[in-house]
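This report concerns only the one structure given below.
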Amino acid sequence: MNLLSVDDLAITFETQEGSVKAVDKVSFDVKKGEIFALVGESGCGKSTTALSLMRLIPEPGKITSGKILFEGKDLLNVSENEMYSIRGKQIGMIFQNPLDSLNPVYTVGQQVVEGLLIDNMPKQEAWQRAIDIFDDVKISDSTQRVNSFPHELSGGMRQRVMIGMMLSRNPKLLIADEPTTALDVTIQAQILELLKELREKYNTSILVITHDFGIVAEIADRVGVMYAGKMVEVGDVYKIFENPSHPYTKLLMKALPRITKNQGRLETIPGNVPNLAKPPTGCRFHPRCPFAIDVCSKSQPEFIEIEEGHLCACHRGEF
Amino acid sequence: MSIKKLYKEALRNKMFMVGLVLFLLIVIIAVFAGSIAPHSYKETDVTKALLAPSSEFPFGTDQYGRCIFSRVIFGSRIALAVGLVVVAVESVIGVALGLIAGYYGGKIDRIILFITDLTWAMPPLIMALAIVTMLGPSLNNVVIAIAVVSWAQFTRIVRTKTQAIKNMPFIEAARAFGESDFNIITRYILPNILSPIIVLTTLALPSAILSTTSLGFLGLGAQPPAPDWGKILSEGIDYIEIAPWISIFPGISIVLTVLGFNLIGEGLRDLLDPRLKV
Amino acid sequence: MSDMIEYTIKRLFTGIFVIFAVTALLFAIMQLMPGDAIQLIANPRVSPERIEELREAWGLNKPAYVQYFYWLSHVLKGDLGTSISTGQQVSVLIKARFPYTMLLTGLSLILQYIIAVPLGLITASNKNTRADGIMVVLTIILWSMPPFWLGILLMLVFGIWLKVLPISGYSGLSSLILPLMTMTLPSLASVFRLARSEVLEVLREKYVLTAYAKGLNRKRVLTFHVLRNALIPVTVMFFLSLPWLIGGSVIVESVFAWPGMGGLLWKAISNQDYPVVQGIIFIIAILTVISNILGDILSAFLDPRIRLEIKGDNL
């Protein structure tokens with residue numbers, strides 16, 4: 001059953017150079033209990049998509065069309081007041097850099113408790129719950145740590161706090177935007193392990209945003225590949241790894257950023273991410289695509305079902 | 001940013017354009033004061049004292065029968081000249097000290113920083129007042145006093161910016177090629193911190209003009225019969241009930257001049273260095 | 001907590017050092033002045049011998065550093081010397097004027113912040129609206145106004161045309177209104193600008209996004225997360241601006257004949273009355289140093305990151 005269903009979502013940024021279609025008719029589903037990964041280079045619109053699910057796109061971004069169905073309710077039609085009760089309670093979100101994302105002037109405990117108090121939990125109970133949740137995210141010495149300020153903790157520890165904070169109200173969906181990018185490789189593995197564990201424990205679906213196919217392989221059940229604001233391939237993680245169909249997906253997998261250690265930008269794919277103010281005609285990937293033929297620059301490819309549970313938008317998808 | 005793009009954005013920046021128009025207006029007035037002013041700024045005629053604005057005296061006359069309009073027109077020369085000289089002096093001192101402190105660091109840096117903090121520690125107007133009184137009231141001394149109390153903000157910002165770029169690869173490279181410190185500072189560092197300096201300079205101008213007129217108001221600026229805007233204004237206070245125009249018009253000129261520079265400065269900041277804090 | 005106490009003591013010591021440095025500097029500048037006070041007040045018919053005697057009496061024939069230490073040793077006993085032009089104790093003169101200046105500047109400071117900070121928060125969080133644009137332009141105009149002219153305008157409108165407020169001297173609280181407005185409006189503009197730009201800066205921070213993502217409503221995010229962080233530099237500015245305001249009081253007090261320290265300083269400067277000038281500048285230096293220290297301590301109190309730095313700082 002689908003917990004979240006994004007349908008033809010389009011997001012435009014009005015800039016001085018004209019309107020930029022950062023996200024263009026993107027559709028995907030996240031099922032109950034699954035980990036879905038959105039993967040792509042930086043600037044492909046994956047983070048914008050994630051923020052739009054919370055209706056938190058920064059100015060001057062605007063959702064121009066589409067639907068975001070969460071448990072059947074279109075989040076684009078609810079009032080801002082109702083969004084307050086969805087954010088944190090139904091959908092939680094963690095960000096790339098755990099230092100930036102915690103308020104430097106409050107203790108981490110205060111910041112966790114603050115969320116719990118929205119549900120009118122008594123203060124004492126909220127603090128106890130904060131300590132419990134710190135145990136859950138494996139922060140040792142939790143009774144002391146709740147009184148630490150963010151800058152007194154290590155990067156991995158801070159990300160644990162973020163995860164705990166966002167899970168503390170038992171949301172049905174957790175969005176993790178590049179949750180391990182700013183962390184050391186060893187810590188990365190621990191955090192991913194923790195996310196998998198917590199999914200079981202809290203029965204939460206997770207939407208992971210990443211540029212790293214290594215992370216996808218490690219935790220995702222299904223994956224959506226985005227390129228230049230478009231979804232190009234969606235499917236079960238095993239099927240995609242076994243049989244990557246879109247040329248971009250193939251190149252991404254070959255690029256393996258974890259080895260080259262290039263943060264975000266994958267220089268092994270020739271060419272650059274296109275300027276979305278003037279996107280290429282036809283398939284957006286065709287200027288960089290080694291398999292491009294005439295039709296690729298003329299018409300946009302539609303999704304084709306490669307096999308069950310595996311869609312690909314490519315004119316030459318049979319490859 | 002390319003010059004062309006900058007030019008285009010400048011045209012679009014309303015604040016900057018309004019400021020530029022005001023600035024050009026003041027400059028034209030100052031340059032052609034002799035032809036614009038209908039009367040002499042110093043000739044007195046007691047029979048025409050304290051006249052209200054009329055077609056002959058657009059801004060009225062003062063207690064000696066002098067034309068306020070002409071005095072205000074000629075006064076623009078004093079305000080502009082003093083403002084420009086003050087800013088030239090304080091920016092040269094401030095930027096030089098900032099570059100030295102930032103580039104060399106260590107003991108030199110600490111000494112300069114201490115002097116900067118010390119200058120910063122006292123209210124500038126009080127210090128300027130004290131200095132002008134000691135040196136005697138005159139325009140030259142006003143220039144010295146204001147420059148002495150206001151160079152520190154240049155030093156602070158230039159120092160931080162210099163520290164930020166002095167270890168960049170291109171500076172290291174220059175050093176490796178055996179460039180002298182002087183060359184590195186003037187040819188490599190200075191051009192790279194020009195934007196904040198330009199913004200600081202344009203924003204220092206209005207405050208220099210405000211300080212000049214403040215000292216003039218207290219009688220410490222250009223001595224009579226020179227048409228110092230601040231002085232004209234303060235002389236008017238005695239006649240405020242019967243001849244308010246004496247004080248009103250020089251005040252408007254000060255506001256428009258200072259506003260012009262402020263708008264240019266704000267506009268330039270938006271264009272060149274939007275996150276600079278002054 | 002003990003770190004904070006240690007830090008406070010350290011700051012106090014540097015503060016005392018700064019007071020010495022400023023007064024010494026001032027003393028040095030005074031020595032550069034051509035002629036001295038005796039020449040100024042003495043009648044040309046007074047014999048040169050008598051002038052010498054007077055110099056002896058005032059200690060003006062000693063070398064500058066001797067005079068400085070002489071002055072300093074008296075200051076430490078609470079004796080700021082005697083006014084050359086009136087013969088009164090400087091401390092008595094200042095004591096009579098001090099409360100008026102503090103009343104004016106203190107009230108002005110409080111007024112500025114309770115108006116400007118909420119205004120900055122509101123306009124910044126509604127950036128690019130018409131109200132925000134108007135406020136920005138208005139502040140630049142206020143900024144461009146010389147305070148003495150603003151004072152004269154207010155005087156004209158409220159004192160002379162509308163005749164609702166007294167325009168000079170001190171005759172009860174209504175006398176306070178015009179000087180207070182003159183002093184407050186231009187500074188209000190700068191505080192507003194600072195508050196606004198700080199709020200804008202904080203609004204760009206990731207933790208604001210986190211706060212929303214947690215489910216907090218806008219009001220809570222703005223007051224608890226945004227304002228709280230923006231207040232740190234604003235608080236520092238609050239304390240740093242006190243001496244600037246006192247500096248500005250020279251002008252405001254002379255426009256409105258307000259019986260405060262600024263007016264006294266102005267008169268003393270015109271009469272080259274050294275002891276009074278020195279006394280007042282000494283007081284202002286102390287006030288400056290105290291407010292700097294208060295600002296530093298308070299910002300450490302508000303910002304745990306600074307506290308951490310203090311802990312690690314073994315100067």
Task: Hits in region A:82-104 - residues which are open to solvent by 60 Å² or more (accessible area, probe 1.4 Å) and more than 8 Å from chain C (Cβ to nearest Cβ) - done: A:Glu82, A:Gln96, A:Leu99
Task: Scan of region B:24-77 for residues that are of a type in the set (Lys, Arg), assigned to a loop (DSSP other than H, G, I, E, B) and at pLDDT 85 or above, ordered by number - done: B:Arg66
Task: Yes/no for A:Leu116 being open to solvent by less than 70 Å² (accessible area, probe 1.4 Å) and not in a helix (DSSP H, G or I) - done: no
Open item on the list: For region C:130-165: of the residues being in a loop (DSSP other than H, G, I, E, B), over 18 Å from C:Ser249 (Cβ atoms) and under 27 Å from the mean Cα position of the chain (by Cα), which is farthest from the other protein chains (Cβ to nearest Cβ)?
Closed with: C:Leu165
- [ ] Just give me the residues in region A:119-136 being open to solvent by less than 10 Å² (accessible area, probe 1.4 Å) and among the β-branched types (Val, Ile, Thr), in sequence order.
- [x] A:Ile133
Task: Flag for C:Ile297 being in contact (Cβ under 8 Å) with a residue 60 or more places away in the chain and within 12 Å of another protein chain (Cβ to nearest Cβ) - done: no
Open item on the list: So, C:Ile134, is that one under 30 Å from C:His225 (Cβ atoms) and open to solvent by 50 Å² or more (accessible area, probe 1.4 Å) or not?
Closed with: yes
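On the basis of being more than 24 Å from C:Pro179 (Cα to Cα), more than 10 Å from chain B (Cβ to nearest Cβ) and among the hydrophobic types (A, V, I, L, M, F, W, C), does C:Leu302 make the cut?
yes
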Open item on the list: Any residue in region A:218-236 that is assigned by TED's automatic domain parsing to the domain that holds A:Lys31 sitting within a Cβ distance under 6 Å of a residue that is of a type in the set (Phe, Trp, Tyr)? List the pairs, counting only those 6 or more apart or interchain.
Closed with: A:Arg222/A:Phe36; A:Gly224/A:Phe28; A:Tyr227/A:Tyr248; A:Tyr227/A:Phe285; A:Val232/A:Tyr248; A:Val234/A:Phe28
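What do you reckon, is B:Ile171 open to solvent by less than 10 Å² (accessible area, probe 1.4 Å), touching a Lys or Arg at 6+ places or on another chain (Cβ under 8 Å) and within 25 Å of B:Asp273 (Cα to Cα)?
no
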Open item on the list: Exactly one condition in (1) open to solvent by less than 10 Å² (accessible area, probe 1.4 Å); (2) in a loop (DSSP other than H, G, I, E, B); (3) within 23 Å of C:Val202 (Cα to Cα) is false for A:Ile139; which is it?
Closed with: (3)
Open item on the list: For region A:178-203, give me each residue that is in contact with a strand residue (DSSP E or B) (Cβ under 7 Å, 6 or more places away or on another chain) and buried (at least 22 other Cβ atoms within 10 Å of the Cβ).
Closed with: A:Glu178, A:Pro179, A:Leu195
TODO: Confirm whether B:Leu194 is within 14 Å of another protein chain (Cβ to nearest Cβ) and either out of contact with any helix residue (DSSP H, G or I) (no Cβ under 7 Å at 6 or more places or on another chain) or open to solvent by less than 30 Å² (accessible area, probe 1.4 Å) (or both).
DONE: no
Open item on the list: I'd like to verify a number: residues in region A:5-42 that are under 14 Å from the mean Cα position of the chain (by Cα), over 22 Å from A:Phe303 (Cα atoms) and either within 14 Å of chain C (Cβ to nearest Cβ) or among the small types (Gly, Ala, Ser) (or both), how many?
Closed with: 1
TODO: Restricting attention to region B:225-267, report how many residues are more than 7 Å from chain C (Cβ to nearest Cβ), open to solvent by less than 30 Å² (accessible area, probe 1.4 Å) and farther than 15 Å from C:Phe148 by Cα.
DONE: 9
TODO: Mind checking which strands (runs of 3 or more DSSP E) fall wholly inside region A:1-70 and carry at least 1 residues that are in contact (Cβ under 8 Å) with a residue 40 or more places away in the chain and open to solvent by 10 Å² or more (accessible area, probe 1.4 Å)?
DONE: A:2-15, A:18-31, A:61-70
TODO: Identify all residues within region C:161-212 that are open to solvent by 20 Å² or more (accessible area, probe 1.4 Å), hydrophobic (A, V, I, L, M, F, W, C), more than 30 Å from B:Leu203 (Cα to Cα) and out of contact with any Ser or Thr (no Cβ under 8 Å at 6 or more places or on another chain); write none if there are none.
DONE: C:Trp161, C:Leu162, C:Val164, C:Ile167, C:Leu173, C:Ile177
Task: The listed residue being surrounded by fewer than 18 Cβ atoms within 10 Å (Cβ to Cβ) and in a helix (DSSP H, G or I), out of C:Lys95, C:Lys127 - done: C:Lys95
TODO: Residue by residue through region C:202-232, note down the ones that are over 21 Å from A:Ser168 (Cβ atoms) and in a loop (DSSP other than H, G, I, E, B).
DONE: C:Arg204, C:Glu205
Task: Filtered residues of region A:215-237 (kept if open to solvent by 20 Å² or more (accessible area, probe 1.4 Å) and among the small types (Gly, Ala, Ser)) - done: A:Ala217
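Is it fair to say C:Leu216 is within 14 Å of chain A (Cβ to nearest Cβ), open to solvent by 20 Å² or more (accessible area, probe 1.4 Å) and modelled with pLDDT of 85 or more?
So C:Leu216 fails the test.
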Open item on the list: Looking at B:Ile111, B:Ile144 in this structure, which one is closer than 30 Å to C:Asn271 by Cβ, open to solvent by 50 Å² or more (accessible area, probe 1.4 Å) and either out of contact with any strand residue (DSSP E or B) (no Cβ under 8 Å at 6 or more places or on another chain) or without any contact (Cβ under 8 Å) to a residue 60 or more places away in the chain (or both)?
Closed with: B:Ile144
Task: Index of the failed condition, C:Phe256 passing every other in (1) within 16 Å of the chain's Cα centre (by Cα); (2) of a type in the set (Phe, Trp, Tyr); (3) within 12 Å of chain B (Cβ to nearest Cβ) - done: (1)
TODO: Please state which of the following conditions B:Thr201 fails to meet, knowing it meets all the rest: (1) open to solvent by 20 Å² or more (accessible area, probe 1.4 Å); (2) touching a residue at least 60 places away in the same chain (Cβ under 8 Å); (3) within 8 Å of chain C (Cβ to nearest Cβ).
DONE: (3)
Open item on the list: Any residue in region C:265-282 that is touching a residue at least 12 places away in the same chain (Cβ under 8 Å) and within 20 Å of C:Asp79 (Cα to Cα) sitting within a Cβ distance under 7 Å of a residue that is part of a helix (DSSP H, G or I) and open to solvent by 40 Å² or more (accessible area, probe 1.4 Å)? List the pairs, counting only those 6 or more apart or interchain.
Closed with: C:Gln272/C:Leu40
Open item on the list: Just the residues that are open to solvent by 70 Å² or more (accessible area, probe 1.4 Å) and free of Cβ contacts under 8 Å to residues at least 24 places away in the same chain, please, taken from region B:22-43.
Closed with: B:Leu24, B:Ile28, B:Val31, B:Phe32, B:Ser35, B:Glu43
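Conditions (1) at pLDDT below 90; (2) among the β-branched types (Val, Ile, Thr); (3) under 22 Å from C:Glu201 (Cα atoms), marked per residue:
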{"site": "B:Pro250", "(1), (2), (3)": "no, no, no"}
{"site": "B:Leu256", "(1), (2), (3)": "no, no, no"}
{"site": "B:Leu259", "(1), (2), (3)": "no, no, no"}
{"site": "B:Leu263", "(1), (2), (3)": "no, no, yes"}
{"site": "B:Arg275", "(1), (2), (3)": "yes, no, yes"}
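The values are calculated or read from the model by the stated rules, or taken from the named source; none is laboratory data. Source: prediction; values computed, not measured. Note: ideal-geometry Cβ built from the backbone for every residue, glycine included; neighbour counts use all protein chains shown. Ligands, DNA and RNA are excluded from the accessible area calculation, which covers all protein heavy atoms including side chains. Shrake-Rupley method; radii C 1.70, N 1.55, O 1.52, S 1.80 Å.
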